[in-house]
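*Asks:* For reference, the structure I am asking about is given below.
The values are calculated or read from the model by the stated rules, or taken from the named source; none is laboratory data. Model, not experiment: these values are computed from the prediction. In this analysis, Cβ positions are derived from the backbone assuming ideal geometry, glycine residues included, and neighbour counts consider all displayed protein chains. Keep in mind that these areas ignore ligands, DNA and RNA; they rest on the heavy atoms of the full protein, side chains included. Shrake-Rupley method; radii C 1.70, N 1.55, O 1.52, S 1.80 Å.
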2 protein chains.
Amino acid sequence: MRVDHPELRDFASRCLTAVGVSDEDAATVVDVLVSADLRGVDSHGVARLRRYVDGVRAGTIDPRAAAVVMTETPATATLDAGNGLGQPASCAAVDLAMAKAAETGLGMVTVRRSNHFGIAGYYALRAARRGLFAIVGTNASPQVAPTYGARPMFGTNPLAVAFPTDAERPFVFDAATSIVPRGKLERLHRQGDDMAPGWAIDPNGESTTDLPSVVSGLKERTGYALLPLGGEGDSHGGHKGYGLATVVELLCGPLAGARWGRHVYGPEGAGLGHFFLCGQVAAVTTEEEFRAEANRMFDELRASPKARGRDRILIAGEREHEIEQERLATGIPLRPAVVADLARVGAECGVAPLTATTGVTRAGRDRNADTADGGRR
Amino acid sequence: MRVDHPELRDFASRCLTAVGVSDEDAATVVDVLVSADLRGVDSHGVARLRRYVDGVRAGTIDPRAAAVVMTETPATATLDAGNGLGQPASCAAVDLAMAKAAETGLGMVTVRRSNHFGIAGYYALRAARRGLFAIVGTNASPQVAPTYGARPMFGTNPLAVAFPTDAERPFVFDAATSIVPRGKLERLHRQGDDMAPGWAIDPNGESTTDLPSVVSGLKERTGYALLPLGGEGDSHGGHKGYGLATVVELLCGPLAGARWGRHVYGPEGAGLGHFFLCGQVAAVTTEEEFRAEANRMFDELRASPKARGRDRILIAGEREHEIEQERLATGIPLRPAVVADLARVGAECGVAPLTATTGVTRAGRDRNADTADGGRR
């Protein structure tokens with residue numbers, strides 16, 4: 001089923017406000033989730049709504065928490081999210097980092113006692129669209145083994161970096177520090193596809209392609225683990241991926257004063273930590289010059305010779321932007337299992353289920369009309 | 001041949017001052033080079049002296065250049081290194097970033113018109129030893145292909161991140177964003193060893209294990225290229241390594257106002273850019289708490305189950321620290337080809353060649369004596 005994004009926003013907001021989230025916070029959470037759906041990161045979209053609603057009901061997420069500034073210097077701050085939803089605290093954090101960068105050139109805000117914040121790239125893009133570059137990270141539930149290890153000790157610890165290279169379509173790198181995220185394995189498993197060797201290890205620390213065991217082992221924490229970027233051992237740089245995951249964990253755990261490693265997602269809540277750093281491009285060069293040079297660089301990359309069988313070299317964030325353009329026009333595809341789960345969440349919250357709406361909402365109609373006009377002109 | 005580090009410092013300093021470098025700058029350059037030799041990063045040690053001396057003689061490196069501050073905000077600055085040696089400009093930059101962090105909590109300094117700065121980890125460690133965390137990057141001569149590409153478009157673009165987790169032995173991640181550096185391929189070639197598949201590509205963009213062709217092709221720029229961390233294509237995250245290399249290039253090229261991509265190392269000099277970011281741990285948490293939590297995390301990693309056949313999980317920087325302890329005691333091993341090349345550099349500069357000095361210098365004697373005493377007590 002395909003749903004236009006305004007309908008998806010409306011549905012998800014109603015579910016969140018039904019469990020006690022304020023209208024404003026619900027709109028923030030939904031904007032982050034739907035942004036993931038629009039950009040093709042379906043694992044971090046409204047499919048997550050169930051966990052948020054359940055977390056609030058179980059008391060591990062406080063729907064009315066407001067992030068509080070704990071410590072502050074001219075360029076830095078620490079926030080305590082009070083076990084609230086990750087998105088409102090993270091928007092407050094990146095906005096504060098931007099405000100500090102406007103004053104001093106740079107701003108860094110860490111967040112503790114938080115929950116899942118969605119896609120890291122959302123916050124980096126938020127800054128890049130205002131002319132700043134940004135580095136964003138979060139820790140996460142343990143799934144990734146250290147090099148030479150045999151147990152999940154770190155989350156997929158994503159790192160996002162964005163630059164204001166283009167007003168519409170800024171450069172945005174947003175990647176787990178593992179080779180693949182768990183969501184990708186779950187998708188392949190659902191589709192009946194195979195997994196590649198070198199993505200995950202069994203409880204002996206050896207590479208495995210037994211997809212059903214990996215998927216259930218990661219979920220039930222029976223010792224299966226994802227491998228860090230660079231893979232098994234150190235022959236192809238696995239120690240570098242492990243090192244990057246450690247850097248993100250140090251920034252978001254010990255530095256932010258949050259939980260870390262295997263202690264994330266304990267019985268009293270996630271206790272996640274996040275990290276947001278923003279910098280003014282105009283502090284060190286002019287925005288125009290930066291943009292011109294960066295785009296010249298991207299053009300040289302695009303025009304450079306391709307590997308045999310390839311016809312395009314991509315810039316980070318480009319593919320996601322294209323998916324977003326397409327989904328804004330034609331709606332967000334939702335799998336039947338997600339539609340069914342959302343219907344159950346809706347029923348529990350007293351919200352009517354979604355119906356297919358592609359192209360019938362105002363946004364969809366206007367866009368279709370524009371395209372049609374454009375074709376005639 | 002093994003040489004104690006004070007002899008190596010003395011020799012290299014004399015060569016640099018002979019071509020017009022000041023005593024102070026020579027000491028800085030040599031400290032960075034010898035630090036690489038001590039930590040086992042031989043490719044970035046005094047073996048590089050030839051290139052520095054030749055660069056000064058060819059006029060592409062200005063031996064008397066002093067870095068100048070171009071723009072400044074409370075937390076940021078841009079330096080112009082004036083085509084001078086990379087190390088004095090980089091030490092000035094990281095020291096300025098630390099001073100800014102002491103005032104505002106954070107400091108970032110970019111450097112343009114610079115040359116090779118040695119190991120990125122040196123500057124990150126310099127900050128971590130003073131209680132700050134640091135992120136350091138540089139661009140470099142083009143050797144790495146973008147994902148789906150078939151030509152070197154970026155340097156190995158190393159990224160170093162250090163945290164003050166321990167006064168003696170801070171956490172330090174220092175890695176090229178390619179799978180392997182060119183130096184590793186050259187070493188394997190010298191030793192008559194093979195290369196692994198998946199490290200480099202031929203001019204068609206296809207993975208190759210033809211080591212002699214890769215080594216000469218990278219040197220002579222005939223289209224061979226190293227692969228980014230994550231490898232060929234995107235099945236194992238090659239697009240993530242490529243994305244990270246792009247992030248480093250954006251920070252050190254367009255943001256720093258330096259050359260980028262294929263334009264680094266032109267006829268008028270390297271035109272390299274560097275990036276230094278420092279943050280006060282004490283601005284967001286207490287140093288004691290940060291150190292305690294980080295070390296608890298490292299202890300959990302070390303104690304976690306090992307992959308079959310492995311008996312140790314390492315923390316970034318640990319192995320290098322151990323090599324440094326060993327080489328401080330027993331001297332720095334230099335290959336015959338490096339010894340011969342250094343002798344030629346020395347002869348050109350009027351400096352007597354190195355002789356093996358292991359354990360005969362005062363530093364070596366004292367350390368040996370300490371160890372012997374310790375054994376008796």
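*Asks:* Considering only residues that are among the β-branched types (Val, Ile, Thr) and within 27 Å of B:Phe11 (Cβ to Cβ), which ones fall in segment B:53-85? Talk me through it step by step, then tell me what you get.
*Replies:* We begin by selecting, within segment B:53-85, every residue among the β-branched types (Val, Ile, Thr); these are B:53, B:56, B:60-61, B:68-69, B:71, B:73, B:76, B:78.
B:Val53, B:Val56, B:Thr60, B:Ile61 - these are the residues of segment B:53-85 that are among the β-branched types (Val, Ile, Thr) and within 27 Å of B:Phe11 (Cβ to Cβ).
*Asks:* Evaluate the following for B:Glu168: is it open to solvent by 20 Å² or more (accessible area, probe 1.4 Å), facing chain A (nearest Cβ under 9 Å) and out of contact with any Leu (no Cβ under 8 Å at 6 or more places or on another chain)?
*Replies:* Values: open to solvent by 20 Å² or more (accessible area, probe 1.4 Å): yes; facing chain A (nearest Cβ under 9 Å): no; out of contact with any Leu (no Cβ under 8 Å at 6 or more places or on another chain): yes.
No.
*Asks:* Right, another one. In segment B:324-342, how many residues are in a helix (DSSP H, G or I) and surrounded by fewer than 15 Cβ atoms within 10 Å (Cβ to Cβ)?
*Replies:* Just the residues of segment B:324-342 that are in a helix (DSSP H, G or I), to begin with: B:324-330, B:336-342.
Next, from what is left, pick out any that are surrounded by fewer than 15 Cβ atoms within 10 Å (Cβ to Cβ): B:325-326, B:336-337, B:340.
Result for segment B:324-342: 5.
*Asks:* Mind listing just one residue for me: the one in segment B:252-266 that is in a helix (DSSP H, G or I) and open to solvent by 10 Å² or more (accessible area, probe 1.4 Å) and, of those, nearest to the other protein chains (Cβ to nearest Cβ)?
*Replies:* We begin by selecting, within segment B:252-266, every residue in a helix (DSSP H, G or I); these are B:252, B:261-263.
Cutting the leftovers down to open to solvent by 10 Å² or more (accessible area, probe 1.4 Å) gives us B:262-263.
On the way: B:Arg262: 7, B:His263: 9 Å.
In this case the residue turns out to be B:Arg262.
*Asks:* Given the residues A:Ala150, A:Ala124, which is the only one that is in contact with a strand residue (DSSP E or B) (Cβ under 8 Å, 6 or more places away or on another chain) and at the interface with chain B (Cβ under 10 Å from one of its Cβ atoms)? Break it down stepwise before answering.
*Replies:* Numbers: A:Ala124 fails: at the interface with chain B (Cβ under 10 Å from one of its Cβ atoms).
When all the criteria are applied, what remains is A:Ala150.
*Asks:* Checking B:Glu318 against (1) surrounded by 15 or more Cβ atoms within 10 Å (Cβ to Cβ); (2) facing another protein chain (nearest Cβ under 8 Å), only one condition comes out false. Which one?
*Replies:* So B:Glu318 meets the others, but not (2).
*Asks:* Further question: Looking only at residues in segment A:217-246 that are closer than 14 Å to A:Gly261 by Cβ and open to solvent by 10 Å² or more (accessible area, probe 1.4 Å), which one is farthest from the other protein chains (Cβ to nearest Cβ)?
*Replies:* Within segment A:217-246, the match that is farthest from the other protein chains (Cβ to nearest Cβ) is A:Arg221.
*Asks:* Looking at (1) surrounded by fewer than 21 Cβ atoms within 10 Å (Cβ to Cβ); (2) in contact (Cβ under 8 Å) with a residue 60 or more places away in the chain, which is the only condition A:Thr138 fails?
*Replies:* (1)
*Asks:* A further question follows. Restricting attention to segment B:141-153, does a residue exist that is open to solvent by less than 10 Å² (accessible area, probe 1.4 Å) and assigned to a strand (DSSP E or B)?
*Replies:* yes
*Asks:* Ok, one more. Tell me which of these B:Thr222 doesn't satisfy, since it passes every other one: (1) β-branched (Val, Ile, Thr); (2) in contact with a strand residue (DSSP E or B) (Cβ under 8 Å, 6 or more places away or on another chain); (3) part of a loop (DSSP other than H, G, I, E, B).
*Replies:* Among (1) β-branched (Val, Ile, Thr); (2) in contact with a strand residue (DSSP E or B) (Cβ under 8 Å, 6 or more places away or on another chain); (3) part of a loop (DSSP other than H, G, I, E, B), B:Thr222 violates only (2).
*Asks:* To continue, here is another question. Would you point out the residue of segment B:158-175, among those that are assigned to a loop (DSSP other than H, G, I, E, B) and touching a strand residue (DSSP E or B) at 6+ places or on another chain (Cβ under 7 Å), that is farthest from B:Ala283 (Cα to Cα)? Write out each step before concluding.
*Replies:* Here is the first cut: in segment B:158-175, the ones assigned to a loop (DSSP other than H, G, I, E, B) are B:158, B:164-170.
Narrowing further to those that are touching a strand residue (DSSP E or B) at 6+ places or on another chain (Cβ under 7 Å): B:158, B:164-165, B:170.
Details: B:Pro158: 27, B:Pro164: 13, B:Thr165: 15, B:Pro170: 19 Å.
Here the residue is B:Pro158.
*Asks:* In segment B:141-154, is there at least one residue being at pLDDT 95 or above and closer than 17 Å to A:Ile135 by Cβ?
*Replies:* No: zero hits.
*Asks:* For segment A:26-134, which helices (runs of 4 or more DSSP H) that fit wholly inside it have 3 or more residues that are free of Cβ contacts under 8 Å to residues at least 60 places away in the same chain and open to solvent by 10 Å² or more (accessible area, probe 1.4 Å)?
*Replies:* Numbers: elements: A:49-58, A:86-104, A:120-128.
Helices (runs of 4 or more DSSP H) meeting the threshold: A:49-58, A:86-104.
*Asks:* If B:Ala283 meets every condition in (1) part of a loop (DSSP other than H, G, I, E, B); (2) within 7 Å of chain A (Cβ to nearest Cβ); (3) aliphatic (A, V, I, L, M) apart from one, which number is that one?
*Replies:* Tallying (1) part of a loop (DSSP other than H, G, I, E, B); (2) within 7 Å of chain A (Cβ to nearest Cβ); (3) aliphatic (A, V, I, L, M), B:Ala283 fails exactly one: (1).
*Asks:* For segment B:267-313, give me each residue that is of a type in the set (Asp, Glu) and open to solvent by 80 Å² or more (accessible area, probe 1.4 Å). Steps first, answer last, please.
*Replies:* Just the residues of segment B:267-313 that are of a type in the set (Asp, Glu), to begin with: B:268, B:287-289, B:293, B:299-300, B:311.
Scanning segment B:267-313 gives B:Glu268, B:Glu288, B:Glu289, B:Asp299, B:Asp311.
*Asks:* Can you confirm whether A:Ala196 is away from chain B (no Cβ under 13 Å), over 27 Å from B:Gly253 (Cα atoms) and part of a loop (DSSP other than H, G, I, E, B)?
*Replies:* Working: away from chain B (no Cβ under 13 Å): no; over 27 Å from B:Gly253 (Cα atoms): yes; part of a loop (DSSP other than H, G, I, E, B): yes.
When the stated conditions are applied, A:Ala196 does not pass them.
*Asks:* Could you please let me know if A:Pro212 is away from chain B (no Cβ under 11 Å), of a type outside the set (D, E, K, R) and either open to solvent by 20 Å² or more (accessible area, probe 1.4 Å) or without any contact (Cβ under 8 Å) to a residue 60 or more places away in the chain (or both)? Can you show your working first?
*Replies:* Numbers: away from chain B (no Cβ under 11 Å): yes; of a type outside the set (D, E, K, R): yes; either open to solvent by 20 Å² or more (accessible area, probe 1.4 Å) or without any contact (Cβ under 8 Å) to a residue 60 or more places away in the chain (or both): yes.
Taking the combined requirement at face value, the residue satisfies it.
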